[in-house]
Amino acid sequence: MAASSRRSFYLTIRDIRNSPIGSKVNLIAKAIEIGVPRKSGGSDYFLTLKLVDETEPTPGFSVNIFEDNLEKLPRIKFPGDIISLQCVELNVYGGDFFCTFKRRISSFALFDGKAGGDLTPYQTSLTRRFLASNADEKLVLQLRALSLRHQQEVFKTLLLCNIESDKQLDIVCKVLDVYKTSTNDWIVLVWDGTDSPVLLQNDLDMEAKSPIRPELYDLPREVLHALPKMGSIVEIFVDKVFEGIYLLKGGGHWVKFYNIIFNIRSGVWRGVVQSPSKVRIVCAANSDVLHRKRIYEDRLASYEYSPLSSICNPPLTVTDSVLSGYSTLRASLTHPEENFFGGYPAQAGLFSFFLSSSF
């Protein structure tokens, strides 16, 4: 069956954008960004998703889903899973097209986005019954095979190595861990494989005036050992009322933060969530995520453990050991071998004492 025939029940994102405003359309696509379920201005709850298909692998198409009960909203297991939406309404606001899911007329079904997964939906809408079509299984298979490699590599979010102080910024990063402070606020440890900007401090009494909190450095050894060996780990301070914190617990997600303020405290970069800040979980195939993974892999392959700020080539220190190379303190302190200077590893090589935030 031709692709155009399989698409007779569903419109592509491209076709939806060309439809009259107010049209009721059917759409099946990959969910590459997952928002935070929120209470609307009325009695409903809503969730925002960003979707892609073969006609629009970037930047994605937004859908706002409204339900009268939090439990009725889609519970997408992983970014990249597939959602089928029926009878959603096309709207436009500020020049941006999006669809609105209305619980009285709309329905949805969620499918596993991984190859080889079950072809039956793992969740369907409760308020209005989802009606399966003959095209569902074929389009799910087609979307599972969809590669995002063709998307334009236009990176709109900053890397941590390019952040600036006191500006609202959007960043894509990986959440490594989340923990509470003594004041019951949350701190999110994020990383993207790059080193935060070098800071040159002239105030030798800085730490005495504003000591760095000890919580990060009290993490268990097994947690430290699991941290990436290169790249800055930056703390983002999150107010206890920030709804997005529940998406981040447990770590391991790639996320996109919007409107984060970065500043410097005790000589260390930190991020602060503001009232307009929001966060979404992003798909591992997102172009920004792939870009950061490539940077990290290239650093491992080409520069060993030298920080991005290193300008010394060849090394300043000479050693007779052919096994020695540069190493970050993080890599050295979590090395499994402990037989060098009373606990530090013998095979970790020379510490990179260049200006770097890879502690």
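The values are calculated or read from the model by the stated rules, or taken from the named source; none is laboratory data. Predicted model only: the values in this text are computed from it and were never measured. Reconstructed Cβ throughout: ideal geometry from the backbone, glycine too, with neighbour counts over all protein chains shown.
Summary of values
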| quantity | calculated |
| --- | --- |
| Identity of the residue in region 278-301, touching a strand residue (DSSP E or B) at 6+ places or on another chain (Cβ under 8 Å) and under 14 Å from Asp192 (Cβ atoms), that ends up surrounded by the fewest Cβ atoms within 10 Å (Cβ to Cβ) | Ala284 |
| Number of positions in region 74-95 that are under 23 Å from the mean Cα position of the chain (by Cα) and surrounded by fewer than 22 Cβ atoms within 10 Å (Cβ to Cβ) | 4 |
| Residue under evaluation Val140, criteria (1) over 19 Å from Phe78 (Cα atoms); (2) modelled with pLDDT of 90 or more; (3) in contact with a strand residue (DSSP E or B) (Cβ under 7 Å, 6 or more places away or on another chain), criterion not met | (1) |
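Yes/no matrix, rows are residues, columns are (1) of a type outside the set (S, T, N, Q); (2) out of contact with any Phe, Trp or Tyr (no Cβ under 7 Å at 6 or more places or on another chain); (3) modelled with pLDDT of 95 or more:
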position: Asp68; (1), (2), (3): yes, yes, no
position: Lys72; (1), (2), (3): yes, yes, no
position: Arg75; (1), (2), (3): yes, yes, no
position: Gly80; (1), (2), (3): yes, yes, no
position: Ser84; (1), (2), (3): no, no, yes
position: Glu89; (1), (2), (3): yes, yes, yes
position: Val92; (1), (2), (3): yes, yes, no
position: Phe101; (1), (2), (3): yes, no, yes
position: Asp112; (1), (2), (3): yes, no, no
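Rundown of residues vs (1) crowded, with 19+ Cβ neighbours inside 10 Å; (2) under 14 Å from Leu90 (Cβ atoms); (3) among the hydrophobic types (A, V, I, L, M, F, W, C), yes/no style:
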residue: Pro20; (1), (2), (3): no, yes, no
residue: Ser23; (1), (2), (3): no, yes, no
residue: Val36; (1), (2), (3): no, no, yes
residue: Ser40; (1), (2), (3): no, no, no
residue: Gly60; (1), (2), (3): yes, no, no
